Amino acid sequence: MYEQQATEQHGPLAGFTVGVTAARRADELGALLQRRGAAVLHAPALRIVPLSDDSELLAATKDLIDQAPDVVVATTAIGFRGWVEAADGWGLGEALLDRLREVELLARGPKVKGSIRAAGLTEDWSPSSESMAEVLDRLLEEGVEGRRVAIQLHGEPLPGFVEALRAAGAEVVGVPVYRWMPPEDLGPMDRLLDAAVSRGLDALSFTSAPAAASLLSRAEDRGLLPELLAALNHDVLPACVGPVTALPLQARGVDTVSPERFRLGPLVQLLCQELPGRARSLPIAGHRVEIRGHAVLVDGGLRPVPPAGMSLLRALSRRPGWVVSRAELLRALPGAGRDEHAVETAMARLRTALGAPKLIQTVVKRGYRLALDPAADTKYADV
């Protein structure tokens, strides 16, 4: 009941902090998260560099005009528009559109379809799932041996997609419309990394494989990769918009979650289910207490808690009802040094923030404990 009240009053993500690595549509994703109560830390893990003056794209375009493909797969709206605009700039726009009218044109999703139709073309087919996996299944079912398949790449080669087509006998031509580069200002990404490693995030969201690869690369450059992987495997939920996005993380042994539909809305809904489910909920001193990332729900009421207080509360909740010594709590405080007085100061602020001082009991000369309700003692005795 209290959790339902909290969801209605504050949103299902209230008290959680979500990292956003997206370059495109970051504002949209951030707004969706904030609307549901989350605090958002945004740092683009990459930037998009158009290749309108790039020799690779020009060569690929001329090649396709001179030697017609059997199939063209358009993967992103911005990429398809960029391709047509670049061809116009070279004086090849009409020739490219004429060629695309002759081939089987597949669109990955509705936004790509919109770009195709805006160019005066009509797609032959688009998957209901908006998944490249479904596009691949269709091509393989049709049979691709001896066929020429052109794929508009979105930043980097599509892992597994090209290999599967070539293994089935297709000639695959990549159309590199734009590529991903690290951000020019690495400061925000470094701050996001530091927040993930220090467990200042509850989840880290990824909307493209290059963003995931870029963040991992930056962590490796800074000597933080082992710490980042440990955080993602235990405390910070890695949420990916789809399975292709997850590949760089999974290659490092990180388990990820993804929605069934590979869109921003379902990604946010997935976080709304996953994060509250990972929060610790305890019956303490006649109250229902749910411990979230940077806040606590006390009987459904949201109580923001300072970082030091959250560190103490998490240390106490690992053994609810058991006494935790001041020395152990001091070790849990970030940068507290050796003075146990820091524990008393942080504890006083924590009690004030919770608004219910009796939730945490002082055990003279021993330490502190959560005042776990007697009926719950057996349940949590071995936690």
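The values are calculated or read from the model by the stated rules, or taken from the named source; none is laboratory data. Please read all numbers here as calculations on a predicted model, not as lab measurements. Here Cβ is always computed from backbone atoms with ideal geometry, including for glycine, and neighbour counts include all displayed protein chains. The accessibility values were calculated without ligands, DNA or RNA, using every heavy atom of the protein model including side chains. Shrake-Rupley method; radii C 1.70, N 1.55, O 1.52, S 1.80 Å.
A few notes on this one:
- Any hit, region 124-131, residues being under 23 Å from Trp180 (Cα atoms), of a type in the set (S, T, N, Q) and at pLDDT 90 or above: no
- Of the criteria (1) surrounded by 16 or more Cβ atoms within 10 Å (Cβ to Cβ); (2) closer than 29 Å to Asp190 by Cβ; (3) touching a strand residue (DSSP E or B) at 6+ places or on another chain (Cβ under 8 Å), which one Ile284 fails: (2)
- Residues considered: Glu94, Glu123, Glu163, Glu134. Of these, the only one that is open to solvent by 20 Å² or more (accessible area, probe 1.4 Å), assigned to a loop (DSSP other than H, G, I, E, B) and among the acidic types (Asp, Glu) is Glu123.
- Where Gly242 falls short, out of the listed (1) more than 16 Å from Leu32 (Cβ to Cβ); (2) modelled with pLDDT of 90 or more; (3) crowded, with 22+ Cβ neighbours inside 10 Å: (2)
- Any hit, region 32-54, residues being part of a helix (DSSP H, G or I), at pLDDT below 95, out of contact with any Lys or Arg (no Cβ under 9 Å at 6 or more places or on another chain) and open to solvent by less than 10 Å² (accessible area, probe 1.4 Å): no
- Of all the criteria given as (1) farther than 30 Å from Met310 by Cα; (2) free of Cβ contacts under 8 Å to residues at least 12 places away in the same chain, the one not satisfied by Glu220 is (1).
For every residue, the table says whether it meets (1) among the hydrophobic types (A, V, I, L, M, F, W, C); (2) buried (at least 17 other Cβ atoms within 10 Å of the Cβ).
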| position | (1), (2) |
| --- | --- |
| Glu340 | no, no |
| Ala348 | yes, no |
| Thr352 | no, no |
| Tyr368 | no, yes |
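To keep it simple, each residue is scored yes or no on (1) in contact with a helix residue (DSSP H, G or I) (Cβ under 9 Å, 6 or more places away or on another chain); (2) in a helix (DSSP H, G or I); (3) among the polar types (S, T, N, Q).
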| residue | (1), (2), (3) |
| --- | --- |
| Leu100 | yes, yes, no |
| Arg117 | no, yes, no |
| Pro127 | yes, no, no |
| Glu141 | no, yes, no |
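- Going through (1) free of Cβ contacts under 8 Å to residues at least 40 places away in the same chain; (2) of a type in the set (A, V, I, L, M, F, W, C); (3) in a helix (DSSP H, G or I); (4) open to solvent by less than 20 Å² (accessible area, probe 1.4 Å) one by one, Ala230 falls short only on (4).
- Which numbered condition Ser311 fails, given (1) buried (at least 19 other Cβ atoms within 10 Å of the Cβ); (2) in contact (Cβ under 8 Å) with a residue 40 or more places away in the chain: (2)
- Residues located in region 251-261, provided they are touching a strand residue (DSSP E or B) at 6+ places or on another chain (Cβ under 9 Å) and not β-branched (Val, Ile, Thr): Asp255, Ser258, Pro259
- Residue that is modelled with the highest pLDDT, among those in region 82-91 that are surrounded by fewer than 19 Cβ atoms within 10 Å (Cβ to Cβ) and within 13 Å of Ala119 (Cα to Cα): Asp88
- Only one entry of Arg148, Arg199 meets the criterion of being without any contact (Cβ under 8 Å) to a residue 40 or more places away in the chain and either basic (Lys, Arg) or open to solvent by 60 Å² or more (accessible area, probe 1.4 Å) (or both), and that entry is Arg199.
- Pairs are defined by a Cβ separation below 7 Å, a sequence spacing of at least 6 or placement on different chains, a first member in region 166-178 that is in contact (Cβ under 8 Å) with a residue 60 or more places away in the chain, and a second member that is open to solvent by 10 Å² or more (accessible area, probe 1.4 Å) and of a type in the set (Val, Ile, Thr); the pairs so defined are Tyr178/Ile48; Tyr178/Val49.
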